[in-house]
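The values are calculated or read from the model by the stated rules, or taken from the named source; none is laboratory data. Because the structure is predicted, anything quoted here is derived from the model rather than measured. With ideal geometry, Cβ positions are generated from the backbone for all residues, glycine too; neighbour counts draw on all protein chains shown. What goes into the accessible areas is simple: the full protein's heavy atoms, side chains included, and nothing from ligands, DNA or RNA. Shrake-Rupley method; radii C 1.70, N 1.55, O 1.52, S 1.80 Å.
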Amino acid sequence: MSDDETFAAAYREHYWAVSRYVARRLDGRNSDVEEVVAEVFTVAWRRRSDLPPSPLPWLYGVARHCLANAVRGYGRRRRLLDRLGNHESAHGRQVVPGPDAESPGDWVHEALARLSPADQEVLRLTAWEELGVDEVAVALGCGSRAAAMRLHRARRRLGAEIDRLRVTVPAGTATTRPDTPKEHGHG
């Protein structure tokens, strides 16, 4: 197969997986998702001769870099809007969720949000993108052993954050938290 045919096959086969990967990290900002996905496949087109036989983990790695660039750009635009005074937050119009806004899985997202971006990413690659350790290694640009160690440590830190959340939940509101015993008899 030629490089052009390889790219076309990768695009057809993995467009929606890459779109979902980006959308989950941009919290549904659809126009931004489309821009980032377009950039991912632009990079893939330019580097089509580098596409591996199983390109999805490689495309996720490209998407990580495109997302980082996009987030930096959003930050620059937000700071500019704040300086100009044309942003909602500059006028005190901020949406505040009501007291009953928590949904049953929010505690997981809260615990995940407390982790470093690197820990969040390795956990999302395995849980959301359903990648194995070898594929995670490709997406992160590291070796399989390093990916396995990062995943192990991230899972341990996530468990610790979940435990902290359980401790800080006021009495009577823990109904949305899991009632799981401590692992391995520690505690």
I'd like the accessible area for residue 14, computed on protein heavy atoms only with a 1.4 Å probe and all protein chains in place. Round to 10 Å², please. 20
With R₀ set to 45 angstrom, the calculated FRET efficiency between the beta-carbons of residue 3 and residue 155, to the nearest 0.05, is 0.70
Tell me, what % of the accessible area of segment 1-46 is carbon and sulfur with a 1.4 angstrom probe? 48
Measuring with a 1.4 Å probe in the full set of protein chains, what accessible area per residue, in whole Å², belongs to segment 112-153? 53
Relative compactness, segment 2-58, computed as alpha-carbon Rg over 2.2 N^0.38 Å: 1.12
